[in-house]
Amino acid sequence: MVDLTTRYMGLSLKNPIIIASSGLTGNVESIKKLEANGAGAVVLKSIFEEEIIMEYDHMMNKMDQFESDYEYFDYYDYKIKEENVSKYLQLIKDAKAAVSIPVIASINCVSSHEWTYFAKKIEEAGADAIELNAFILPSDPERSSAENEKVYFDIVNTIKKEVKIPVAMKMSYYFSNLAQMIKKLSETELKGIVLFNRFYSPDFDIEELKVISSHIFSTQSDQVMPLRWISIMAEKVSCDLAATTGIHKGEDVIKMLLAGAKAVQVASTIYQNGAEYIQTMLKEIEEWMERHNYLNIDQFRAKLSQAKNENGAHYERVQFMRYFGEKESTL
Amino acid sequence: MEDLSYYKEKRSEDWRVELRKTKKAKERTLMERISMLEQDAVERSQNIEEVNLGLTEEMALVEAQRCLDCANPTCITGCPVGINIPGFIKKIEVKDFLGAAEVLKDTNTLPAVCGRVCPQEKQCENSCFYTVQLKKPPVAIGYLERFAADYERNSGKMAIPKVATNNGIKVAIIGSGPAGLAASADLVKFGYDVTVFEALHEIGGVLKYGIPEFRLPNEIVDVEIENLRKMGVKFRTNFIVGKTASFDDLRAQGYQAFFVGSGAGLPRFMNIPGENSIGIFSSNEYLTRVNLMKAADNNYDTPVSFGDTIAVIGGGNTAMDSVRTAKRLGAKRAVIIYRRSIEEMPARVEEVKHAQEEGIEFMNLHNPVEYIADQDGHVKQMRLQKMKLGEPDASGRRRPIPIDGSEFLMDVDAVVVSVGVSPNPLIPSSLKDLETTKWGTIVVNQDTMQSSVKDIFAGGDIVRGGATVILAMGDGRKAAAGIHDYLMEKVKKN
């Protein structure tokens, strides 16, 4: 029998499959089902600013029917936020009482001040750790890279002043010097970095000439980004790395562990295949380990990371070169 | 569109037809809108006397002539309770000032109050022919309403409305704000034995604790309360229904119906770090302590020293009342901090103008994100974030968006948080069968104001969340009619 246990952010996990922050982790019944099917940990659903704004607009439309005063709902978004925070804290308490796997709370951060107050309450509610979900798209041409990057460090520093529990940062790859950014963040008080955040992306409906949502779920091909960057950074960072986006099968988990991840986060595959699919993925990992005579994860973790690979250039190659060069045109 | 047949009938009366002929419409439209007489800005910022001084008879007569007595009076549809506006203005034009007050009182229990605090520029005056068609300043409906009501009060001929013989049926009114006072007036006229229960030591609700003397003198409200007493309404102060006595206790004492007008007395905060520091008040606490508990007077039991720099968070009328109060209490720097631009402020245009004239500083597009306290836990600084405006929200106003990295510190001695209030939760939480919304308001039938508990009716802020004074009074009157129907039906069955 192989040992699938791993340590991530100082937490002991029975296996490396963490259920990512999503609707799957938004209520206790679902969390219990995920645990029963073998999840190693859960990251609770984030509270999003957009949801608060939508509820605010809905409330204002309702109140308008009563000819209510603007003054009444001018700051009502704060009240909605307070209610959502209170519900969230209750979710943490209920989840902690219902399951024995680690419960990681998630904070959707857009600025350094926004949620610091909230972090303290999350710790008091009993969360095992916090994942800062940094949804920052560097789309403002007037802002410098340095300004954008500073926000991340400000968030970490401010939150770490408030809490003692381990904190991870889930980040995107939109940086001009990604390797240095990951390294520098790992040298803060963060205990983990999750690569990479998956943003909502717009798509176009060319018949209706409308902006629509692109694919909601990730696909397996999306895993190339975390795979490359975890491989490159695994032996160069001062905190744990977790992989997410495009991890759909047991083999994908194995790849990320070989790259050097301490754990992986999954959501799309569970939405598509159900909670029971966690068992299938775990079985695939176990069978592979048995086939390769590994007794525990540490025996193969980071085995294919850039630092441990003789041909490190593979990881940094950006041109297909020979592949397309040798492939004859069929046109 | 409401049924205006009653209005058309009145408009066809001979005297009105003749009056319209005395001056051509064109001449009327060429007249300039009258300006309100006001105390000097510097002088008034150091006293608590009323800022607006009212119109003289001559001014009222001139302004009344501007009203065209339209066949299609859009101003009436702009009024939440459908006051016969041209009806009372034309009475002023013929110098029948008491008659004008009578027309007002047909639909408005407290015209002297509404003439002072109603947002006419968003309601009747916004729908006036001058505004809509001529793009000129509207008839000064609010000023004229106040004039007629003040004239009646000062004339010594204030009529006490006739009341029906007491039928012995006890009705309880919970809360003595505008909704409760309006309900009590109509119910006592129907002949009921009406008692108003008030949690505070003063009658008047938000009219007393919330609106400062310089905008609405207590004397105006007291005269109306005295009239209600004369009509037979009983008042019990320091009585909290749900604590001092339950609904069942009151039912056992013979009360057969209830009107809940308990308002929105629960202050909201922003839940940002440091907000619990000493020296940070809700506007409710700040205004109540100053207006009702004489907190600015060291001879009273609970004086407070507010300091030199007072920041008020918010952009509504309550924020303006708070910041102007701070100025009057001696603040060297009284500052409004509001996260949108001045155009988006919910406060009345007149209140913003008065505040600016009095030297109030406006820091628009700023929002507090943190308060910093000294060693004793007293607020000494606030961290402000600069904001920009984004896309319009559901109210049509542009949404405030924080500018990252724009935070800075500002020294303050006290902060008044005026970001809204929620319905008082005491009554909804004391009745498990009472249907409420997720916002804590009571669900009622909009025609009768009856709640899910048959003998309980409700109106004003406890139903709407936030209502203007006139809407709250309209609710009180509608509920009084609903209670009357309910009780008559009950009597018939028995």
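The values are calculated or read from the model by the stated rules, or taken from the named source; none is laboratory data. Only a predicted model underlies this, so the values are computations on that prediction, with no experimental measurement involved. Cβ atoms come from the backbone with ideal geometry, glycine included; neighbour counts cover every protein chain shown. Remember, those area values only see protein heavy atoms, side chains included, never the ligands or the DNA or RNA. Shrake-Rupley method; radii C 1.70, N 1.55, O 1.52, S 1.80 Å.
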Problem set entry | Filter result (of a type in the set (A, V, I, L, M) and buried (at least 24 other Cβ atoms within 10 Å of the Cβ)) within the stretch B:332-346 | B:334, B:336, B:337, B:345
Exercise. Which of the residues spanning the stretch A:59-79 are open to solvent by 40 Å² or more (accessible area, probe 1.4 Å), within 7 Å of chain B (Cβ to nearest Cβ), under 15 Å from residue B:437 (Cα atoms) and modelled with pLDDT under 70?
Worked result: A:66
Problem set entry | Identity of the residue in the stretch B:195-204, aliphatic (A, V, I, L, M) and assigned to a loop (DSSP other than H, G, I, E, B), that ends up farthest from residue B:51 (Cα to Cα) | B:199
Problem set entry | Cβ pairs under 6 Å, 6+ apart, first in the stretch A:9-23 and open to solvent by less than 10 Å² (accessible area, probe 1.4 Å), second of a type outside the set (A, V, I, L, M) and part of a helix (DSSP H, G or I) | A:19/A:25
For this session: Inspect the stretch B:78-90 for any residue being polar (S, T, N, Q) and open to solvent by 30 Å² or more (accessible area, probe 1.4 Å) and give the result as yes or no.
Result: no
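For every residue, the table says whether it meets (1) closer than 23 Å to residue A:153 by Cβ; (2) open to solvent by 40 Å² or more (accessible area, probe 1.4 Å); (3) touching a residue at least 12 places away in the same chain (Cβ under 8 Å).
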site	(1), (2), (3)
A:185	yes, no, yes
A:196	yes, no, yes
A:199	yes, no, yes
A:229	yes, yes, yes
A:241	yes, no, yes
A:271	no, yes, yes
For this session: Kindly list, by first and then second residue, each pair from a residue in the stretch B:375-403 that is closer than 30 Å to residue B:306 by Cα to a residue that is surrounded by fewer than 18 Cβ atoms within 10 Å (Cβ to Cβ) and small (Gly, Ala, Ser), limited to pairs with Cβ atoms under 8 Å and residues at least 6 apart or on different chains.
Result: B:379/B:373; B:380/B:373; B:385/B:406; B:386/B:406; B:400/B:390
Seminar exercise, completed: Across (1) in contact (Cβ under 8 Å) with a residue 12 or more places away in the chain; (2) open to solvent by 50 Å² or more (accessible area, probe 1.4 Å); (3) within 14 Å of chain A (Cβ to nearest Cβ), residue B:357 clears everything bar (3)
Exercise. Considering only the stretch B:75-114, how many residues are part of a helix (DSSP H, G or I) and within 23 Å of residue B:217 (Cα to Cα)?
Worked result: 12
Exercise. Quick one: is residue A:303 open to solvent by 80 Å² or more (accessible area, probe 1.4 Å), part of a loop (DSSP other than H, G, I, E, B) and not polar (S, T, N, Q)?
Worked result: yes
Exercise. Consider residue A:113 against the criteria (1) farther than 30 Å from residue A:292 by Cβ; (2) at pLDDT below 95; (3) out of contact with any Asp or Glu (no Cβ under 7 Å at 6 or more places or on another chain): it satisfies all of them except one. Which criterion is unmet?
Worked result: (3)
Problem set entry | Hey, residue B:406 of a type in the set (S, T, N, Q), over 30 Å from residue A:144 (Cβ atoms) and free of Cβ contacts under 8 Å to residues at least 60 places away in the same chain or not | no
Seminar exercise, completed: Scanning the stretch A:257-269 residue by residue, those in a helix (DSSP H, G or I), more than 14 Å from the chain's Cα centre (by Cα) and touching a residue at least 40 places away in the same chain (Cβ under 8 Å) turn out to be A:257, A:258, A:259
Exercise. Is it the case that residue B:130 is touching a Lys or Arg at 6+ places or on another chain (Cβ under 6 Å) and either open to solvent by 10 Å² or more (accessible area, probe 1.4 Å) or in contact (Cβ under 8 Å) with a residue 40 or more places away in the chain (or both)?
Worked result: yes
Exercise. Taking the stretch B:257-294, which residues are closer than 30 Å to residue B:488 by Cα and touching a strand residue (DSSP E or B) at 6+ places or on another chain (Cβ under 6 Å)?
Worked result: B:257, B:258, B:259, B:260, B:262
Problem set entry | Flag if residue B:471 is closer than 25 Å to residue B:78 by Cα, within 23 Å of the chain's Cα centre (by Cα) and among the aliphatic types (A, V, I, L, M) | yes
Seminar exercise, completed: All-but-one check, residue B:313 against (1) in contact with a helix residue (DSSP H, G or I) (Cβ under 9 Å, 6 or more places away or on another chain); (2) within 13 Å of residue B:414 (Cβ to Cβ); (3) open to solvent by less than 20 Å² (accessible area, probe 1.4 Å); (4) more than 13 Å from chain A (Cβ to nearest Cβ), failing number (4)
Seminar exercise, completed: All conditions in (1) buried (at least 23 other Cβ atoms within 10 Å of the Cβ); (2) modelled with pLDDT under 95; (3) in a loop (DSSP other than H, G, I, E, B) are true of residue B:163 except (1)
For this session: Would you please name the residue that is nearest to residue A:31 (Cα to Cα), looking only at residues in the stretch A:121-144 that are among the small types (Gly, Ala, Ser) and at pLDDT below 90?
Result: A:134
Problem set entry | Among residues of the stretch B:139-160, those that are modelled with pLDDT under 95 and part of a loop (DSSP other than H, G, I, E, B), counted | 5
Exercise. Just checking, how many residues over the stretch A:185-224 are of a type in the set (Lys, Arg) and within 19 Å of the chain's Cα centre (by Cα)?
Worked result: 2
